[in-house]
Structure formats: C-alpha cells, structure tokens
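Undergrad: Have a look at this one before I ask anything.
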Protein chains: 2
Amino acid sequence: MADKRTRLTREQVLAAGVELADAVGIDGVTMRKLGQALCVEAMSLYHHVANKEQLLDGMTDLVYTEIQLPQDTDWRTAMQVRAHSLRDTLNRHPWALRLVGSRTSPGDATVRHHDAVLGTLRRAGFPLALAAHAFSVLDAYIYGFAVQEQALPFDSEEAPTELATAILAQFPTNQYPYLAELTARYAEDTGYAYVQEFTFGLDLILDGLERALAVGAPPYTPARE
Amino acid sequence: MADKRTRLTREQVLAAGVELADAVGIDGVTMRKLGQALCVEAMSLYHHVANKEQLLDGMTDLVYTEIQLPQDTDWRTAMQVRAHSLRDTLNRHPWALRLVGSRTSPGDATVRHHDAVLGTLRRAGFPLALAAHAFSVLDAYIYGFAVQEQALPFDSEEAPTELATAILAQFPTNQYPYLAELTARYAEDTGYAYVQEFTFGLDLILDGLERALAVGAPPYTPARE
DNA sequence: CGTTGTAAACTTACGATGTAAGAGTGCGCC
DNA sequence: GGCGCACTCTTACATCGTAAGTTTACAACG
C-alpha cells in the first residue's frame, strides 16, 4: 500500500479507494482508513479530491476504465464482448453499481466508453434513433442484471444446491407455490450456472435489435431521420 | 406527522421512514430525524426495529407493496402493466433502488410479488425454465432502466432541450462525435419523451419472449422438463 | 383503591465519521 | 541563503448509530 515518502497524486488516491472498496466494501471506505492505506492523515486527501463525493465520482470513473471498449468486429460480437466485460467489471467491484445510480456527473472514461459503443453501432449501420434505443436496452439490461445478481442471497458463481433449499425453507411452500417449484428445480439441477441466465437475455435482446435493424425503421420514434 | 400520544407501531415507523426518504433522500434518513418526525426520541425506534439495517429492509419491502401485482389477463399485457408499475414505483421512491442492490434478504411483499409474476407466466404456458428466464430478463431490464434514469443529469419527464445542449457543452464535440450527434438530435427533437425509450426495450423483450414461447424449447438450458 | 409487572419511551454516553480552520514542512527557484 | 507554494498534519466540531441503564404509564390483580 504505497511506500512512505513519495508525494501523493490524485490517481494514487483514487486507485487506493478502489482497492479499499474492493477489500472492505464501499461503507468501509472512510477518509481516515483511506489515508491510513496511503500512509497519510485523512485531511491530506483533501488536497487531491474536493470532498468524499468527488472521491467516489473519481473511483466510479476509474472502474469504467477497466471495461473493454468494443472492438471493430461485427457489431453483434462487439456488443457481446462489451456486455460480458461490463458484467465482469461490475462483479469485480460490486460497490460501483450503487454509485452509478447516485452519481449524475459522468467522468471522462464513462463518456469515452459511451461514445465508443454508440460509434460501433452507428458504423454498423444503425440509424441514430435505433442506435440510441439499442444502447439504452443493452445498458439497462446489463446494469439490471448486475443489480439482481448482487441481491441474490448466494454467490452467483457457485452451485446453489444446498443454498437453494435453505432459501426454499424460508418461505412456506404452500404460500408461494411457483417460487417453490422454481427453487426446487434449481436445487436438483446441479449443472445450472448463472451465466446462462445472462446470456439468454443478452441474446434475446441482440436478436431483437438485429431484426429491428433489418426492418430499417426504428419503431416508437417520431418519424425523422 | 403522527399525533402526540398514540403508541408507535412498527408499521408507522416504516411508513414514516418511506415518507422521510422521499422528502430528504435516503442519506437524510437518520434515526434522530425519523424519531423527530414521529414525535419520539431516536432510541425509542429501537423497540420496533432491531437496527437501521432492518429499518431499511422494512422500508424496501413496504415499497414493494405499492407495485401492482400482475392481473390475470393475457401474459403480455399483464407483464406490461407490471413493468410500468414497477418503473413508476422506483421513480416515486428513487432511494429504493439503491437499497434493493444491497439487501440480500427479501421481505414478505417482495417474495409475494415474485411469486405472482412467476405464476402469471406459468399459467400462460411458459415452461419452468423459460418462465425463469423471462422473469430474469424483464426484471433486469426494468431495474437497469431505472438505474439509468436516475443517473441522467436531468429529470426524465421534462423536455431536455436546453439541458441537452448544456450537457453537450461539457464534453468537446470533436472528441466524442457520436455522443455529440446524439445529443444534438435530442436537443432539436422537442417531442421526445423518455417513456418511449422504456417502451421500446420492453416491447423488444416481450417480442423475444413471445417467439421463444412459440418455439417451445427454452434455449440455453440443459434439456430437462 | 393501591400494588406491581412490563412494554415503551427517554437519558446519557461513546466511538466513528466528514470536514472546517489553521499551523507546520520541505522542495524548487531566485 | 531565503521566498513561495504545494503538500501534509493537528485540532476541533457537529452528526451519526447504538449500547446501557433509567423512567414512565398502563393493564391486571389483590
């Protein structure tokens, strides 16, 4: 965690913030603890960030840096790669999701990322309105999926066999029959992986977009373009 | 805000919490202020909730109460009505979204809601796996859309004409050409409403589900059922 | 009626947090 | 050398969640 005697930079502060948040959760990120991680008193940090708000903004933007920009292959696989990269990143820094929901001023990396995605779609022949729609659906889905994944009472990567039954036990079977049915199914299905769930929705959306692109006219938009 | 001399109940506390959060935001909800709103000292609240965690859990579940359960019409319009109701509710209580992402133990209303949605799909003929997939995509989309709506630097309901240009001014046009193009378009299109964006994605997903239902076999699932 | 048990509300207190204000400290440039 | 400035530290305060212990008021009983 940062050697003793170098002058601090804003970048170091933000990076340490990300690292700390990963380790102890976003609520564990306090100015004093962050200072400690950097061998510095809490108040010294205020020469590199205006306040904690801005620290969190910077951390959020730094996370965006990790997301793979879409490459210039066909738009579909480009979107797929980006989607998985975004999901991975959000899983690697679970706290980031809570921040994007409350931050209204996007950082530099954030804007660059959005522009790149939009560009990939436009160059692939998406009319402007459809490109905007596509961006909106895709991002909404990815973020929402990440929210759900975090709300799950188990780690989404491991086989949920016993866990599912534990959850099942929480609510009375007869009162919530459909949930019970579902949980039972997952409990017995040992091969189940949550990635499949993500891929299903993603492909469904990409199919829809492909169809919309083929038809030509983006629906639900005042005719212009 | 609650008359003087009635004994407090847990329900009153939670309702006051929701009201307070709506008024001053979730960070403004402190035990002392909540107590004040109920004409009671902060510590008295601890006789009705174990700690602040549990207060937030209860508030989250109370919000779920407001979401319209799907009626027993055809599944498609049922899902549409529910989707819009969920979005409205999340917009009415913007703080709730941040909570669902961090809460892992669902409340009673939450579970009931999930069961009802699942039930509607099952009764409409969705195989179990497809019903689960459908639930996952839809909820992910709705939550994610709400996240994006909140991250927008403007109120999603009003015409963003001048606002868009203000945003546009933030980042250099030449550096982010596609975003600039998009923002310019929205600035000139006075008839634009953000609901259309929501409806586009929702219909796209519902179309996809309808097709998957027609085909019969849910993709991406180990063959069983 | 007084007595008493108990659930609900209150009082006090503590450690942690974000940060305002101002006082050191050390490095680069004259 | 010494001046200026960028950085850091010290001290202090209001506010937060909540632990511990005390007071209050009402219901049940003699």
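Undergrad: For the range A:33-56, state whether one or more residues are more than 12 Å from DNA strand C (Cβ to nearest atom), among the charged types (D, E, K, R) and at pLDDT 95 or above.
TA: Checked the range A:33-56: no residue is more than 12 Å from DNA strand C (Cβ to nearest atom), among the charged types (D, E, K, R) and at pLDDT 95 or above.
Undergrad: Tally time: how many residues in the range A:95-111 are of a type in the set (Gly, Ala, Ser), at the interface with chain B (Cβ under 7 Å from one of its Cβ atoms) and not in a loop (DSSP other than H, G, I, E, B)?
TA: 0
Undergrad: For the range B:30-42, give me the residue count where each residue is surrounded by fewer than 16 Cβ atoms within 10 Å (Cβ to Cβ), in contact with a helix residue (DSSP H, G or I) (Cβ under 8 Å, 6 or more places away or on another chain) and of a type in the set (A, V, I, L, M, F, W, C).
TA: Summing the residues that are surrounded by fewer than 16 Cβ atoms within 10 Å (Cβ to Cβ), in contact with a helix residue (DSSP H, G or I) (Cβ under 8 Å, 6 or more places away or on another chain) and of a type in the set (A, V, I, L, M, F, W, C) in the range B:30-42 gives 1.
Undergrad: Considering only residues that are among the hydroxyl-bearing types (Ser, Thr, Tyr) and closer than 24 Å to B:Gly107 by Cα, which ones fall in the range B:3-54?
TA: Listed by number, the residues that qualify are B:Thr9, B:Thr30, B:Ser44, B:Tyr46.
For every residue, the table says whether it meets (1) more than 25 Å from A:Tyr143 (Cβ to Cβ); (2) away from DNA strand D (no atom under 16 Å from the Cβ).
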position: B:Thr9; (1), (2): yes, no
position: B:Ile67; (1), (2): no, yes
position: B:Gln71; (1), (2): yes, yes
position: B:Asn91; (1), (2): no, yes
position: B:Trp95; (1), (2): no, no
position: B:Val100; (1), (2): no, yes
position: B:Asp108; (1), (2): yes, yes
position: B:Leu118; (1), (2): no, yes
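Yes/no matrix, rows are residues, columns are (1) within 8 Å of DNA strand D (Cβ to nearest atom); (2) of a type in the set (Ser, Thr, Tyr); (3) within 14 Å of another protein chain (Cβ to nearest Cβ); (4) under 25 Å from B:His84 (Cβ atoms):
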residue: B:Ala16; (1), (2), (3), (4): no, no, no, no
residue: B:Ala21; (1), (2), (3), (4): no, no, yes, yes
residue: B:Met31; (1), (2), (3), (4): yes, no, no, no
residue: B:Leu38; (1), (2), (3), (4): no, no, no, no
residue: B:Ala42; (1), (2), (3), (4): yes, no, no, no
residue: B:His48; (1), (2), (3), (4): no, no, no, no
residue: B:Gln54; (1), (2), (3), (4): no, no, no, no
residue: B:Met59; (1), (2), (3), (4): no, no, no, yes
residue: B:Tyr64; (1), (2), (3), (4): no, yes, yes, yes
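Undergrad: With (1) assigned to a helix (DSSP H, G or I); (2) out of contact with any Asp or Glu (no Cβ under 8 Å at 6 or more places or on another chain); (3) crowded, with 21+ Cβ neighbours inside 10 Å as the list, and A:Asp88 as the residue in question, which single condition is left unmet?
TA: Of (1) assigned to a helix (DSSP H, G or I); (2) out of contact with any Asp or Glu (no Cβ under 8 Å at 6 or more places or on another chain); (3) crowded, with 21+ Cβ neighbours inside 10 Å, only one is false for A:Asp88: (3).
Undergrad: Follow-up. Mind checking which residues of the range A:190-224 are over 22 Å from the mean Cα position of the chain (by Cα), modelled with pLDDT under 90 and surrounded by fewer than 17 Cβ atoms within 10 Å (Cβ to Cβ)?
TA: Hits for the range A:190-224 are A:Thr190, A:Gly191, A:Val215, A:Gly216, A:Ala217, A:Pro219, A:Tyr220, A:Pro222, A:Ala223, A:Arg224.
Undergrad: So, one more: Can you name the number of the only condition in (1) free of Cβ contacts under 8 Å to residues at least 60 places away in the same chain; (2) crowded, with 21+ Cβ neighbours inside 10 Å; (3) not aromatic (Phe, Trp, Tyr) that B:Val137 fails?
TA: Single failed check for B:Val137: (1).
Yes/no matrix, rows are residues, columns are (1) more than 16 Å from DNA strand C (Cβ to nearest atom); (2) surrounded by 14 or more Cβ atoms within 10 Å (Cβ to Cβ); (3) modelled with pLDDT of 95 or more; (4) closer than 20 Å to A:Leu99 by Cα:
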site: B:Leu14; (1), (2), (3), (4): no, yes, yes, no
site: B:Val18; (1), (2), (3), (4): yes, yes, yes, no
site: B:Gly28; (1), (2), (3), (4): no, no, yes, yes
site: B:Thr60; (1), (2), (3), (4): yes, yes, yes, yes
site: B:His84; (1), (2), (3), (4): yes, yes, yes, no
site: B:Leu97; (1), (2), (3), (4): yes, yes, no, yes
site: B:Gly101; (1), (2), (3), (4): yes, yes, no, yes
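Undergrad: Tally up the residues in the range A:15-67 that are in a helix (DSSP H, G or I), without any contact (Cβ under 8 Å) to a residue 40 or more places away in the chain and small (Gly, Ala, Ser), please.
TA: 7
Undergrad: Which residue pairs have Cβ atoms closer than 7 Å, lie 6 or more positions apart in sequence or on different chains, and pair a first residue in the range B:208-225 that is in a loop (DSSP other than H, G, I, E, B) with a second residue that is modelled with pLDDT of 95 or more and of a type in the set (S, T, N, Q)?
TA: Correct list of pairs: B:Tyr220/A:Thr199.
Undergrad: Exactly one of (1) modelled with pLDDT under 95; (2) more than 8 Å from chain A (Cβ to nearest Cβ); (3) assigned to a helix (DSSP H, G or I) is unmet by B:Ala134. Its number?
TA: (1)
The values are calculated or read from the model by the stated rules, or taken from the named source; none is laboratory data. Computed from a predicted model, the values in this text were never measured in an experiment. Note: ideal-geometry Cβ built from the backbone for every residue, glycine included; neighbour counts use all protein chains shown.
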